[in-house]
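> Handing you a structure now.
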């Protein structure tokens, strides 16, 4: 598949999903998605479908990446926390739009692969950590934006507390067996304003406490 065809596929996927922010679309066009896909699946890299990346994790479909990124309303002055590095694709998109991205991944092999991809693409404004993303990254708080790429049962309170006033968190909420809903959460002086974005299907967000019982 040539570059022009891939770009057309990506743009069509983004537009059909409701992505209208041209800055987000331009950022996603600059990231070679095939780099973040297992070799056997690279011919499917630009299809609007989730792809397995190992360890029971997936690379979200481009449309969902676009919708969640758009909901963050990023600028190049912002500091972002990502919970769930996965393949690193969403991380790389965020890094194109924000000042610095802090990303947490529970599965160390996935994180190592992602770090190699960042180096290959010469993306230098990403800081990584292997650990429990449900507790956030207290040493680096506060964050202007937080994105969670796994489904929580409820709004993660420790993450919401790490937002600046006026900060935004985008997170899928719901049970693993059902469709979940992406929420856009804005922290204000009095609490949280919550807006539903759309239904999705994500792998579950797991804390250390749950992980140890698995």
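The values are calculated or read from the model by the stated rules, or taken from the named source; none is laboratory data. Every value quoted in this text rests on a predicted model; they were computed, and no experiment measured them. Using ideal geometry, Cβ is built from the backbone for each residue, glycine included, and neighbour counts are taken over all protein chains shown.
> Quick test of your reading of the structure: residue 50 fulfils all but one of (1) under 16 Å from residue 129 (Cα atoms); (2) touching a strand residue (DSSP E or B) at 6+ places or on another chain (Cβ under 9 Å); (3) surrounded by fewer than 20 Cβ atoms within 10 Å (Cβ to Cβ). Name the failing condition by number.
Here residue 50 clears every test but (1).
> Within the stretch 51-91, work out how many residues are more than 14 Å from residue 19 (Cα to Cα), in a helix (DSSP H, G or I) and out of contact with any helix residue (DSSP H, G or I) (no Cβ under 7 Å at 6 or more places or on another chain).
Total satisfying the criteria: 0.
> Now for a different question. What are the residues in the stretch 165-183 that are at negative phi, free of Cβ contacts under 8 Å to residues at least 24 places away in the same chain and surrounded by 11 or more Cβ atoms within 10 Å (Cβ to Cβ), if any?
Of everything in the stretch 165-183, those that are at negative phi, free of Cβ contacts under 8 Å to residues at least 24 places away in the same chain and surrounded by 11 or more Cβ atoms within 10 Å (Cβ to Cβ) turn out to be 173, 179, 181.
> Kindly establish whether residue 26 is within 16 Å of the chain's Cα centre (by Cα) and either surrounded by fewer than 17 Cβ atoms within 10 Å (Cβ to Cβ) or free of Cβ contacts under 8 Å to residues at least 24 places away in the same chain (or both). If you could, list the steps in order and put the result at the bottom.
Details: within 16 Å of the chain's Cα centre (by Cα): no; either surrounded by fewer than 17 Cβ atoms within 10 Å (Cβ to Cβ) or free of Cβ contacts under 8 Å to residues at least 24 places away in the same chain (or both): yes.
No; evaluated as a whole, the condition is false for this residue.
> Now a separate question. Please specify each residue of the stretch 92-110 satisfying the condition of being in a helix (DSSP H, G or I) and either crowded, with 20+ Cβ neighbours inside 10 Å or in contact with a helix residue (DSSP H, G or I) (Cβ under 7 Å, 6 or more places away or on another chain) (or both). Explain how you work it out, then say what you get.
Within the stretch 92-110, the first condition is being in a helix (DSSP H, G or I), and the residues that meet it are 92-97, 108-110.
Of everything in the stretch 92-110, those that are in a helix (DSSP H, G or I) and either crowded, with 20+ Cβ neighbours inside 10 Å or in contact with a helix residue (DSSP H, G or I) (Cβ under 7 Å, 6 or more places away or on another chain) (or both) turn out to be 92, 93, 94, 95, 96, 97, 110.
> Would you tally the residues in the stretch 121-147 being under 22 Å from residue 76 (Cα atoms), in contact (Cβ under 8 Å) with a residue 40 or more places away in the chain and in contact with a helix residue (DSSP H, G or I) (Cβ under 7 Å, 6 or more places away or on another chain)?
Of the residues in that region, 6 qualify.
> Here's another thing I want to ask about it. Give the stretch 137-153 a look and list any residue that's at pLDDT 95 or above and either over 17 Å from residue 167 (Cα atoms) or under 14 Å from the mean Cα position of the chain (by Cα) (or both), or say none.
139, 145, 146, 147, 148
> I'd like to check something: does the stretch 184-193 contain any residue that is within 16 Å of residue 85 (Cβ to Cβ) and surrounded by fewer than 22 Cβ atoms within 10 Å (Cβ to Cβ)? Outline the logic, then answer.
The initial filter retains those residues of the stretch 184-193 that are within 16 Å of residue 85 (Cβ to Cβ), namely none.
No, the stretch 184-193 has no match at all.
> Would you pick out the residues in the stretch 133-151 that are assigned to a helix (DSSP H, G or I) and in contact with a strand residue (DSSP E or B) (Cβ under 7 Å, 6 or more places away or on another chain)? Give the steps one after another, and end with the answer.
So the first thing to find is which residues in the stretch 133-151 are assigned to a helix (DSSP H, G or I), and the list is 133-135, 138-140.
Result: 133, 140.
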